[in-house]
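Q: This is the structure I want to talk about, given as structure tokens.
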Amino acid sequence: MKLNQRIALGAIGGITPYLVTLLSIDFKTAVVNYEILDWVGLIVRCIILIFLGAFVAYLHKTENEPFKVFQLGLAAPALLATFINGGIGSNESLPVSPLANQYSISIFPQAFAANPSAESTKKKQYQNEQMLKEPKISGWSRFLRGVAGTKLQTSQQNSYFVIVGSHNSYKQAKAQAKSLEKKNYKAKVYNPQGFAKPYAVAIASNISKKEALQLRNKAIADGLTAESYIWSYGK
């Protein structure tokens, strides 16, 4: 077998474990909210796996049977692929109220916002204006998620949520979020993850503990549910 054929088979073997992993999961879930640096990291991961497979195949110069060369390509990257793939989908989770049986939902899968139209937003100033924020994530953290499937490291200073409800259906959660507009509050509905059922309704996200406590107390005083609580994924 020619050297370039051996290297090619080894390279295919090197990337195969990762491709098989993608076939066994929802690809959209695995790369949810990926940005440029996430994709750069993912490309680097694939290059490393291909290189390891090709390198191991290159070292076994006496092996000429194609299938065995392919197996050699699988051998070295397989352990690495198992290690790094363990991090896929392991995003931080946002627990819902204890009244909802302690289920968890992810803060990173797509969140449905029950916001009013742009026109009505201009006319109306909400009590929690600018309180629904996206998490601050460093470029390095995104790159590592692409390379090794690690968890995104978010800012610990502004990691608090104000949760005002949880529901077993999106329709119910959306209805509450819509009703909050009448009380002058914006709200966002977060999707459940895995086998968790409740949808969480938040009126603030990724803010400081002080801001979260102030908003929670104000919300309760304004007649929102007394079971409203704050939660931080950094604690």
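Q: Looking at K174, K136, K178 in this structure, which one is modelled with pLDDT under 80, open to solvent by 20 Å² or more (accessible area, probe 1.4 Å) and over 17 Å from I230 (Cα atoms)?
A: Exactly one residue qualifies, and that residue is K136.
Q: Sticking with this one: Can you give me the ranges of the helices (runs of 4 or more DSSP H) entirely in the range 1-77 with at least 2 residues that are more than 32 Å from the chain's Cα centre (by Cα)?
A: Correct list: 3-24, 36-59.
Q: I've got another one for you. Identify all residues within the range 1-22 that are of a type in the set (K, R) and in contact with a helix residue (DSSP H, G or I) (Cβ under 8 Å, 6 or more places away or on another chain); write none if there are none.
A: R6
Q: Scan (1) farther than 17 Å from G146 by Cα; (2) crowded, with 16+ Cβ neighbours inside 10 Å; (3) among the small types (G, A, S) for the single condition G41 breaks and write down its number.
A: Of everything listed in (1) farther than 17 Å from G146 by Cα; (2) crowded, with 16+ Cβ neighbours inside 10 Å; (3) among the small types (G, A, S), G41 misses just condition (1).
Q: A follow-up question, please. I'd like the full set of residues that are touching a residue at least 60 places away in the same chain (Cβ under 8 Å) and open to solvent by less than 80 Å² (accessible area, probe 1.4 Å), limited to the range 2-28.
A: R6, L9, G10, A11, G13, G14, I15, P17, Y18, T21, I25
Q: Same structure, new question: The conditions are (1) at pLDDT below 50; (2) surrounded by fewer than 18 Cβ atoms within 10 Å (Cβ to Cβ), and A111 fails exactly one of them. Which is it?
A: Going through the list (1) at pLDDT below 50; (2) surrounded by fewer than 18 Cβ atoms within 10 Å (Cβ to Cβ), A111 breaks only (2).
The values are calculated or read from the model by the stated rules, or taken from the named source; none is laboratory data. Bear in mind the structure is a predicted one, so any value in this text is a computation, not a measurement. When we count neighbours, we look across all protein chains shown, and the Cβ atoms used for this are built from the backbone with ideal geometry, even at glycine. Side chains included, ligands, DNA and RNA excluded: accessible areas come from the protein's heavy atoms. Shrake-Rupley method; radii C 1.70, N 1.55, O 1.52, S 1.80 Å.
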